[in-house]
Amino acid sequence: MLSYDNLEGVELALKRSLTVAKRLWFSYLAHKSDYILYTHNCLFVFLVFSLVPLPWALVELYWFYAVDRFKLQPRVKRSFPELFKCYKDVLHQFIFVVAPLIIVSFPVLEWVGIHTSLPLLTKWEVISQLIVYFLVEDYTNYWIHRFLHALQWGYEKINYIHHEYNAPIGFATPYTHWVEILILGILTFLGLAKVPCHMITLWLWSSLCQVKAIETHRGYNFPWNSTKLIPFYGGLAYHDFHHFAGRQCQSNFASIFTYCDYLYGIDKLEEQVKKH
């Protein structure tokens with residue numbers, strides 16, 4: 001909650017006029033508790049995993065010939081009942097695992113220093129924080145994912161559920177065991193503990209995590225995808241092969257980048273993907 005009664009008090013305390021963005025932030029959120037602001041994350045996550053995969057689901061259902069040649073596993077076609085069942089399963093996980101995890105984690109986020117105060121961060125501050133969060137999440141995800149594949153019990157009892165969709169689709173992005181959801185949820189917030197941010201940045205980070213994951217599960221690999229310009233970006237083809245090969249795949253355990261595969265000597269993935 002912002003500790004000002006009106007806009008004039010804010011400008012007086014900051015000794016400068018507020019921008020339009022800061023005025024909007026004050027007008028909507030000034031008298032809401034930080035906890036209520038944090039639980040907005042539930043809404044954002046729900047909207048992202050419900051709406052972002054929708055275009056690819058329509059492409060899958062109606063089999064548009066213009067984009068058919070970009071499908072990585074063209075022999076696998078999902079029906080509407082299959083897509084709807086997947087969405088229902090993911091929604092069940094969201095209601096009983098993801099949303100409660102978000103709600104109960106607020107004391108930890110408050111402890112590490114997530115704040116709602118003015119002034120807002122500059123765009124470069126936000127970008128630099130997001131880069132740190134992506135790198136921390138990616139590196140820790142690599143080791144947890146590799147550990148689950150290395151242990152027969154870890155793969156068969158936990159990670160295998162996510163691999164049930166060996167030809168990934170957008171709606172199956174968060175389709176996994178509830179234990180893996182809890183683990184990955186913790187990894188998502190490790191960067192925040194290193195570099196505390198503003199609540200708006202937290203909302204943005206949570207949404208981008210979902211968008212990034214959906215992008216690597218959508219099943220269609222377009223040549224004009226701008227993410228291919230990012231160094232060491234694994235992308236859709238790499239993760240699609242990881243699903244296709246299942247436990248036999250011994251690389252690309254990270255969520256985004258491939259540099260860990262090179263660092264730790266399991267960089268045969270590119271060759272495998274080309275053969276696939």
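The values are calculated or read from the model by the stated rules, or taken from the named source; none is laboratory data. Please read these numbers as outputs of a predicted model, since none were measured by experiment. A quick note on method: Cβ atoms are made from the backbone with ideal geometry, for glycine too, and the neighbour counts reach across all protein chains shown. Surface accessibility is based on the protein's heavy atoms, side chains included, excluding ligands, DNA and RNA. Shrake-Rupley method; radii C 1.70, N 1.55, O 1.52, S 1.80 Å.
For ARG247, the solvent-accessible surface computed with a 1.4 Å probe is close to 80 Å², ligands and nucleic acids excluded.
Per-residue 3J(HN,Hα) values for the range 199-207, derived from phi via the Karplus relation 6.51 cos²θ - 1.76 cosθ + 1.60 with θ = phi - 60°, read 4, 5, 5, 4, 4, 5, 4, 4, 5 Hz in sequence order (x marks Gly and Pro). P(r) tail, the range 28-141: Cα-Cα pairs separated by more than 18 Å, 69% of all pairs. For the range 172-224, chymotrypsin sites (Phe, Trp or Tyr not before Pro) are listed when DSSP marks them as loop and at most 12 other Cβ atoms sit within 10 Å of their Cβ; the list is TRP224.
Loop-located chymotrypsin sites (Phe, Trp or Tyr not before Pro) in the range 37-104 (DSSP state other than H, G, I, E, B) with a sparse environment of at most 13 neighbouring Cβ atoms within 10 Å: TRP63, PHE64.
Roll a 1.4 angstrom probe over the protein heavy atoms and tell me the percent of accessible area of the range 39-139 that is carbon or sulfur.
Carbon and sulfur atoms account for 74 percent of the accessible area of the range 39-139.
Near the amide H of PHE257, within less than 5 Å, lie the amide hydrogens of GLY234, all on another chain or at least 5 residues away, with H placed in the peptide plane.
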